[in-house]
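Okay, structure first, notes after.
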Amino acid sequence: MAALRAPVRLLRAVWRQKGVWVVALAPLVLLPLALSTKEAACAYVILLMALYWCTEVLPLAVTALLPTILFPLLGIMRSKDVCMQYLRDSNMLFVGGLMVAVAVEHWNLHKRIALKVLLVVGVRPALLMLGFMSVTAFLSMWISNTATAAMMVPIVQAVLDQLRCRDDAEEGRRTTREGAADPASAKQSACVVRMPDVEASGRTGECEERTGEGGAPTTTCEDVTVSTLKPPPQDQPASAPKASVSSAVCASEADGADERRKRLSKGLLLSVCYAASIGGIATLTGTGPNLVLLGQMSQLFPQSGGVINSASWFAFAFPTMLMMLFMAWILLQQVFIGRSPRGAWSCGRGRPAKERAARDAIEEEQRRLGRMSYGEASVMALFLLMVVLWFTREPRFVDGWASRAFNADGEFVTDATVSLFVALLLFILPSQPPKYLLCWRRSSDADAQVCPGPAPPLLTWKVAQAKIPWNIVLLLGGGFALAKGSEESGLSRWLGSQMTPLHSIPPWAITVVLCLLTATFTECASNVATATLLLPILASMSQSISVNPLYVMIPCTLSASFAFMLPVATPPNAIVFSSGYLKVADMAKTGVVMNVIGIACISVAINTWGRVLFSLDSFPEWANGTTHI
């Protein structure tokens, strides 16, 4: 019996690890599908990866490596062709953009920008929320939404702590004033007066008797003057209820102020996590699904001529982001601050003191940063250089600098070239001013002046290696490998033929339904995995019903970033939820409305200026031909 105990314990431990069963049994259950045709074999790999991505029994990046094993074994693609998909142009654009973002974060430039904007916007509740949302969305356009939320949440908490301390101080002073003015509270003072028609109210010998106005005797005790003339008998019963009513009113007002403070805390924290997700949609490098779309377009439709680039995407997505950010601000203001203009645009009782408290908290954070250093200024200059080069490379309405100088015979220079060029400069340029910048050297801190040897660069490989999420590179590569495998196996053509009946449904209705499905699916899975699985299928569907692929792919790409409902849906939600101010119900109720607002904003954008920017009214020539996925 003792010999059997160890295997039994092992089986029990394995049974508790349900993920092991999913990893082991799922390939066996789906294996018959892989033994029939190439199309079925590719579908087998896609279903298996979708199952692993949704359950997360394996790390997302590890699941993304499955095509390198399964595609060659199942005869879908050669190993060297699969591995080439993991380091495409979109991956390098992601790496270069992240290196610049890491430099911005490393030098605290993002925090300096955030604090400066908050001081300019103002500290009244509605303006404070708008300031937090604007700063968070702007930073999330260029650096990861996780880093943005992690930086903004401590600032929000510092402001809330200052407001709470100022409220407690105001409550203490108000209680002291009411206690001094209330005769009933005189019984708790340290006074005793022995005289006719005067009640004793404390300890003997600690009060000084004086004659007040009208000859009424008064006593002064510990700098508090209280009238002690005994009231007429008929007035005595009314004094006690009056004190109790006053205490009840004070308690009610205190509870109301505490509830308003809690609601403001929830609103400010939710505004940060929502703005972090919304801001990322405005740029190609702002969030993973945008890069998935860029990579899928270049792979599935190589003749598209770079219809999706930094300039065209920004022209479409930035107004969409602003519209959604404004609607989110209105929603959070109505739910957590109040519908009345006085409640939304003022801090209530003691408004100047509370505004000073919030401003003091922000100014204290700014003072800790000190003056802008030479390294910060250099990183800001390189960041602006990258943005300008991106927007002017190929703006579409005129010839850009790349079209005239490098891309006359083909697309040699892309956005990835720009981001990697700027990233390379970060490893070359020094972080301290050279000798000829004497004025800057005088204003530098002491550590920078006495640093021996050559100055370190603006960004070191140690910092870049530690902060860049390399798993996303593999995740993007896995998606590109799936798309290529579907194309090679013929699965895309089969899917296109099955979706032909959708031709009778209006395209706008198809888009709305698909956005709802995408927004629901991304609550339970990674946004990059969601876009990776859905976009190739949507490309095939749009070709089968003769609809411009961008009309369906762009809205679903944006919807993949709308994970507003659950704390585990996206890292900014988890960071905000960990603060302790929020409950799951708070995020779920507001998140449902946010999803509806997001889909409505996308529908408006894609059917107005999106039609003009991407010529969505016609079926493009680059999408005409053999269906790919």
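The values are calculated or read from the model by the stated rules, or taken from the named source; none is laboratory data. This is a predicted model, so every value here is computed, not measured. Note: ideal-geometry Cβ built from the backbone for every residue, glycine included; neighbour counts use all protein chains shown. For accessibility, only protein heavy atoms count, side chains too; no ligands or nucleic acids. Shrake-Rupley method; radii C 1.70, N 1.55, O 1.52, S 1.80 Å.
Quickly run through region 42-76 and pick out the residues that are modelled with pLDDT of 85 or more, open to solvent by 40 Å² or more (accessible area, probe 1.4 Å), more than 17 Å from residue 473 (Cα to Cα) and in contact with a Phe, Trp or Tyr (Cβ under 9 Å, 6 or more places away or on another chain).
Within region 42-76, 74 is the sole residue that qualifies.
Of all residues in region 578-629, which are open to solvent by less than 20 Å² (accessible area, probe 1.4 Å), closer than 30 Å to residue 304 by Cβ and β-branched (Val, Ile, Thr)?
599, 602, 606, 629
Would you confirm whether any residue within region 359-367 is under 30 Å from residue 264 (Cβ atoms), modelled with pLDDT under 85, open to solvent by 40 Å² or more (accessible area, probe 1.4 Å) and in contact with a Gly (Cβ under 9 Å, 6 or more places away or on another chain)?
Taking every residue of region 359-367 in turn, at least one turns out to be under 30 Å from residue 264 (Cβ atoms), modelled with pLDDT under 85, open to solvent by 40 Å² or more (accessible area, probe 1.4 Å) and in contact with a Gly (Cβ under 9 Å, 6 or more places away or on another chain).
List the number of the failed condition for residue 119; all other conditions in (1) open to solvent by less than 20 Å² (accessible area, probe 1.4 Å); (2) assigned to a helix (DSSP H, G or I) hold.
(1)
Restricting attention to region 77-99, which residues are more than 19 Å from residue 465 (Cα to Cα), crowded, with 21+ Cβ neighbours inside 10 Å and modelled with pLDDT of 90 or more?
77, 82, listed by residue number.
Is region 448-462 home to any residue that is at pLDDT below 85, hydrophobic (A, V, I, L, M, F, W, C), more than 27 Å from residue 47 (Cβ to Cβ) and exposed (fewer than 14 other Cβ atoms within 10 Å of the Cβ)?
yes
State which residue is farthest from residue 594 (Cα to Cα) when the search covers only region 504-517 and only residues that are surrounded by fewer than 20 Cβ atoms within 10 Å (Cβ to Cβ) and not aliphatic (A, V, I, L, M).
Across region 504-517, the extreme among qualifying residues is 504.
Mind listing whichever residues of region 395-427 are within 20 Å of residue 97 (Cα to Cα), open to solvent by less than 30 Å² (accessible area, probe 1.4 Å) and of a type outside the set (S, T, N, Q)?
395, 402, 413, 415, 416, 418, 422, 423, 426
Are there any pairs with C-beta distances below 6 angstrom linking a residue in region 471-490 that is within 18 Å of residue 92 (Cβ to Cβ) to a residue that is open to solvent by 10 Å² or more (accessible area, probe 1.4 Å) and among the basic types (Lys, Arg), with the two at least 6 apart or on different chains, and if so which?
Qualifying pairs under 6 Å: 480/88.
Here's the yes/no breakdown for (1) surrounded by fewer than 24 Cβ atoms within 10 Å (Cβ to Cβ); (2) among the β-branched types (Val, Ile, Thr); (3) not in a helix (DSSP H, G or I):
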{"site": "465", "(1), (2), (3)": "yes, no, no"}
{"site": "482", "(1), (2), (3)": "no, no, no"}
{"site": "485", "(1), (2), (3)": "no, no, no"}
{"site": "493", "(1), (2), (3)": "yes, no, no"}
{"site": "502", "(1), (2), (3)": "yes, no, no"}
{"site": "519", "(1), (2), (3)": "no, no, no"}
{"site": "528", "(1), (2), (3)": "no, yes, no"}
{"site": "547", "(1), (2), (3)": "yes, yes, yes"}
{"site": "558", "(1), (2), (3)": "no, no, no"}
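Give the residues of region 578-596 that are in contact (Cβ under 8 Å) with a residue 40 or more places away in the chain and either in a loop (DSSP other than H, G, I, E, B) or touching a Pro at 6+ places or on another chain (Cβ under 7 Å) (or both), sorted by residue number.
Correct list: 579, 581, 582, 587.
Within region 280-307, which residues are under 14 Å from residue 527 (Cβ atoms) and part of a helix (DSSP H, G or I)?
Across region 280-307, the qualifying residues are 280, 281, 288, 289, 290, 291, 292, 293.
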